[in-house]
């Protein structure tokens with residue numbers, strides 16, 4: 001698992017508004033997909049897939065079409081991570097703080113209690129993985145763990 005990935009290109013960073021305006025130009029102004037892709041500086045096939053998906057969603061439920069890469073899978077939501085970080089900070093104030101093993105076990109118990117599906121490695125060890133811990137500590141730099 002890559003712990004310190006640094007993005008090397010800017011592929012997939014075209015804003016959704018550009019795709020929406022290009023799709024609008026295609027549907028309303030009767031512009032061809034190739035001409036719209038050239039005008040808005042978007043890859044032809046990417047725009048073609050976007051328009052195809054947006055037309056399908058208009059027919060089905062009218063939801064928004066997603067553009068670009070998806071984020072990494074997260075175990076906890078942002079609110080749940082804040083709760084976990086606050087608990088770790090409060091326990092550090094009350095006692096001697098949590099060790100890394102304690103925090104990993106706490107994260108596993110928190111996930112099981114909230115009914116969050118976890119990795120098989122977590123289930124086997126009854127604690128979160130070291131990779132999760134490193135990512136959690138990077139996202140919460142104010143925590144001091146023993």
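Do the conditions hold for residue 73, that is, is it under 27 Å from residue 4 (Cα atoms) and surrounded by fewer than 11 Cβ atoms within 10 Å (Cβ to Cβ)? Reasoning before the result, please.
Values: under 27 Å from residue 4 (Cα atoms): yes; surrounded by fewer than 11 Cβ atoms within 10 Å (Cβ to Cβ): yes.
When the stated conditions are applied, residue 73 passes them.
When the stretch 33-65 is filtered for residues that are at pLDDT 90 or above and loosely packed, with under 11 Cβ neighbours inside 10 Å, the ones remaining, listed by number, are 41, 45.
Looking at the stretch 64-79, can you tell me whether even one residue there is part of a helix (DSSP H, G or I) and touching a helix residue (DSSP H, G or I) at 6+ places or on another chain (Cβ under 9 Å)? No: zero hits.
Checked against the criterion of being touching a helix residue (DSSP H, G or I) at 6+ places or on another chain (Cβ under 6 Å), more than 23 Å from residue 7 (Cα to Cα) and part of a loop (DSSP other than H, G, I, E, B), the stretch 82-95 contains not a single residue that satisfies it.
Scanning the stretch 96-105 for residues that are modelled with pLDDT of 90 or more, surrounded by 11 or more Cβ atoms within 10 Å (Cβ to Cβ), within 23 Å of the chain's Cα centre (by Cα) and part of a helix (DSSP H, G or I) turns up at least one hit. Checked against (1) exposed (fewer than 15 other Cβ atoms within 10 Å of the Cβ); (2) modelled with pLDDT of 90 or more; (3) under 17 Å from the mean Cα position of the chain (by Cα), residue 68 passes all but a single condition, namely (2).
When you scan the stretch 135-146, do you find a residue that is farther than 24 Å from residue 4 by Cα and surrounded by fewer than 16 Cβ atoms within 10 Å (Cβ to Cβ), even just one? Give the steps one after another, and end with the answer.
Here is the first cut: in the stretch 135-146, the ones farther than 24 Å from residue 4 by Cα are none.
No: the stretch 135-146 contains no residue that is farther than 24 Å from residue 4 by Cα and surrounded by fewer than 16 Cβ atoms within 10 Å (Cβ to Cβ).
When 14, 27 are checked against the criterion of being in a helix (DSSP H, G or I), at pLDDT below 90 and on the phi < 0 side of the Ramachandran plot, 27 stands alone in meeting it.
The values are calculated or read from the model by the stated rules, or taken from the named source; none is laboratory data. These figures come from a predicted structure and were not determined experimentally. In this analysis, Cβ positions are derived from the backbone assuming ideal geometry, glycine residues included, and neighbour counts consider all displayed protein chains.
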